[in-house]
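Note sheet for the following structure.
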Amino acid sequence: MEALLYSGSEDTNIVEWDLQTGKTRCKWKADRGPVTSLCVSPDGRLLLSAGQTIKMWDLETKEVYRRFTGHSTAVTTLCFATTRPPDSDGLYFLSGAAHDRLLSVWQVRSDGKDKNSVVSFTLTDEPQHIDLISSDSKEEAVRLAVVCKDGQLHLFEHFLNGPCKKPLSPSCSVQVSGVGSKGSEGDTPVPVPLLAAALGGDKQSLVLAYGNHLQPVLETAVVNTAERHVCLVRDIQATLSLSMDTAVTKVKTPVVSANVKVLAPGLPGHNAPVKTGSAESQKRKQESGTKEMSIEERLGEIDLSTVPGGKKSQKEAVSLQTDSYAVLLVQGLESKDSQILNKIFQTKKDVLIKKTVSRLPVPAILPLVEELTQRLQGHPYTAVLLVRWLKAILLQHTSYLSTLPDLVSQLGVLYHMIEGRVKTLQKLTRLHGKLYLLMTQVAASESVHITDLDHTAKLVYEEESSDEEEGSGDEGIPEEDSDNWEEEEGMDDETSNRENQAEEEKDEEMNEESKVNGDSDMDPENESEEE
């Protein structure tokens, strides 16, 4: 297998180096932004590169094999978690980003449906160092040790065999504390930050590096991983104290072995610009005898108060720029200075608020939300100004807030407060509508002045007498109609007489027939018997 090295930098390129000759073998463009992290697969066939987007490269063709998106900041950590082939749906890798308290696990699937992370591990701060023991099969769990920026160590153990909806909490957290100065109540413990950790063959054995970066302390410790929280107390005050008695008189160049090849920007490869401070500016600072102003003196000279009435000239009016607002807001949040925060939150310009929130660093967003939540619980008038800040935060930093694992618990107070105030909104709007109608009716009645009414009729209508109506009714009946009535009555009488005569003639004929047949001589009894 060839001895190769891969590197990435701010020039957005990935360079493949030959360690035997110290020369570049290949160079290609990786992303639009700088390359912040790289990782080679255990079999040496795949390469992971990341800026904000994670790309998996096929090292034979130098083409993109997969793309993974999900981090809102630059990715600082990449590591393969399994040694399985990519076409078996069993290849997993981890990624961690700056200012992100989640460690994401990605699955490389053969069907290409691997857009989102499958597992997330919750951390207390940004990951600084990761060590893991990979798994070769689904029945073998992945052991993971993560050292965060706050100096804590978190241990995880999980079987990677598919997606998991809920973020996983650490099975054990380890902290180191030292013994400080002795007070009246005894020894005061002092937290000691952990710098790195390595997993041993045994589940309870760990190699820890803690203390100062210039003089770290290495220790092989046995930790009871069955407990959720473990605190190791070490007396390292003498070890961590650095002797600064000897003054630096000369600058010594480090001794470099001849067998070591140093890759510098001067060699062919990356051509990223090297930022160096100008010598002239340093000389001017040394020659100038003026004392630099402190932050308190600078804040004292800035006039944040607005004078009502009167127009000031542009030279006299002192107004803060957007970047100074962001700097002051961060300083006020860190020092918890209510005076600075009150003056900043009094601004009513939406454009200024949006630009200030967009220029805030990511770690200052959550403290700002907590400060706004605390202030919103006060007088309702303050909510009119603070809601604008909260709206700008949610519009511009929702992607970061959604990555926080304990966001529900931290913003629970704000959610319940908003929900409680919104419940009464419908009732208040109804009351407002009714009061508005009453006030408008009262105002309308007061504006209209009622004068004396004129009781004289504007129009009079007279009806005719009843006698004239009767006469007019008789005259209206035509005479021809009466004649027709008499004729119709005569016709009805004639028709009725004719019908009676016809019936009499029929009866006579029936009697004559009965006599001829001799029916009349029969007795009534015989007639009944014959019937």
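The values are calculated or read from the model by the stated rules, or taken from the named source; none is laboratory data. Note that this is a predicted model, so its numbers are computed, not measured. Cβ: placed from backbone, ideal geometry, glycine included. Neighbour counts: every protein chain shown. To get the accessible areas, we keep the full protein, side chains included, count just its heavy atoms, and leave off ligands, DNA and RNA. Shrake-Rupley method; radii C 1.70, N 1.55, O 1.52, S 1.80 Å.
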Task: Of all residues making up region 330-366, the number that are in contact (Cβ under 8 Å) with a residue 24 or more places away in the chain, in a helix (DSSP H, G or I) and either polar (S, T, N, Q) or over 27 Å from SER402 (Cα atoms) (or both) - done: 5
Open item on the list: Can you name every one of the strands (runs of 3 or more DSSP E) wholly within region 82-196 that holds 1 or more residues which are in contact with a Cys (Cβ under 8 Å, 6 or more places away or on another chain) and farther than 22 Å from SER49 by Cβ?
Closed with: 153-158, 172-183
Open item on the list: Please determine whether any residue of region 18-30 is closer than 23 Å to THR69 by Cα, without any contact (Cβ under 8 Å) to a residue 60 or more places away in the chain, assigned to a loop (DSSP other than H, G, I, E, B) and not polar (S, T, N, Q).
Closed with: yes
Task: Pairs, first within 14 Å of VAL40 (Cα to Cα) and open to solvent by less than 80 Å² (accessible area, probe 1.4 Å) in region 53-65, second aliphatic (A, V, I, L, M) and not in a strand (DSSP E or B), C-beta under 9 Å, six or more apart - done: LYS55/ALA30; TRP57/ALA30
TODO: Spot the failing condition for THR440; the list is (1) among the hydroxyl-bearing types (Ser, Thr, Tyr); (2) open to solvent by 80 Å² or more (accessible area, probe 1.4 Å); (3) at pLDDT 75 or above, and only one is missed.
DONE: (2)
TODO: Can you tell me which residue among ASP100, ASP136, ASP87, ASP111 is in contact with a helix residue (DSSP H, G or I) (Cβ under 9 Å, 6 or more places away or on another chain) and not small (Gly, Ala, Ser)?
DONE: ASP100
Open item on the list: Would you confirm whether or not region 337-349 contains a residue that is of a type in the set (Gly, Ala, Ser), in contact with a helix residue (DSSP H, G or I) (Cβ under 9 Å, 6 or more places away or on another chain) and open to solvent by 60 Å² or more (accessible area, probe 1.4 Å)?
Closed with: yes
TODO: Determine which member of the set LYS138, LYS165 is in contact with a Gly (Cβ under 9 Å, 6 or more places away or on another chain) and among the basic types (Lys, Arg).
DONE: LYS138
TODO: Search region 41-52 for residues being of a type outside the set (S, T, N, Q) and at negative phi, and hand back the single one that is surrounded by the most Cβ atoms within 10 Å (Cβ to Cβ).
DONE: ALA50
Open item on the list: So, GLU126, is that one more than 15 Å from LEU94 (Cα to Cα) and either surrounded by fewer than 20 Cβ atoms within 10 Å (Cβ to Cβ) or not hydroxyl-bearing (Ser, Thr, Tyr) (or both) or not?
Closed with: no
Task: Selected residue (criterion: nearest to VAL192 (Cα to Cα)) from residues of region 206-227 that are touching a helix residue (DSSP H, G or I) at 6+ places or on another chain (Cβ under 9 Å) and in a loop (DSSP other than H, G, I, E, B) - done: ASN212
TODO: Collect the residues in region 396-427 that are of a type outside the set (Gly, Ala, Ser) and touching a residue at least 40 places away in the same chain (Cβ under 8 Å), keeping them in residue-number order.
DONE: GLN396, HIS397, TYR400, THR403, LEU404, PRO405, ASP406, GLN410, LEU411, VAL413, LEU414, MET417
TODO: Quick one: which residue in LEU299, LEU341 is under 17 Å from TRP389 (Cα atoms) and modelled with pLDDT of 65 or more?
DONE: LEU341
Task: Condition check for GLN152: open to solvent by 70 Å² or more (accessible area, probe 1.4 Å) and either at pLDDT 90 or above or of a type in the set (A, V, I, L, M) (or both) - done: no
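Please find, within region 1-40, the residue that is farthest from the chain's Cα centre (by Cα) out of those that are buried (at least 19 other Cβ atoms within 10 Å of the Cβ) and closer than 12 Å to LEU78 by Cβ.
Ranking the qualifying residues of region 1-40, first place goes to GLY8.
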Task: Residue in region 366-380 that is open to solvent by 50 Å² or more (accessible area, probe 1.4 Å), more than 30 Å from SER120 (Cβ to Cβ) and touching a Lys or Arg at 6+ places or on another chain (Cβ under 8 Å) present - done: no
Task: Filter result (surrounded by 16 or more Cβ atoms within 10 Å (Cβ to Cβ) and either closer than 13 Å to PRO170 by Cα or hydroxyl-bearing (Ser, Thr, Tyr) (or both)) within region 101-118 - done: ARG101, LEU102, LEU103, SER104, SER117
TODO: Output the residues belonging to region 66-77 that are open to solvent by 20 Å² or more (accessible area, probe 1.4 Å) and part of a strand (DSSP E or B).
DONE: ARG66, ARG67, THR76, THR77
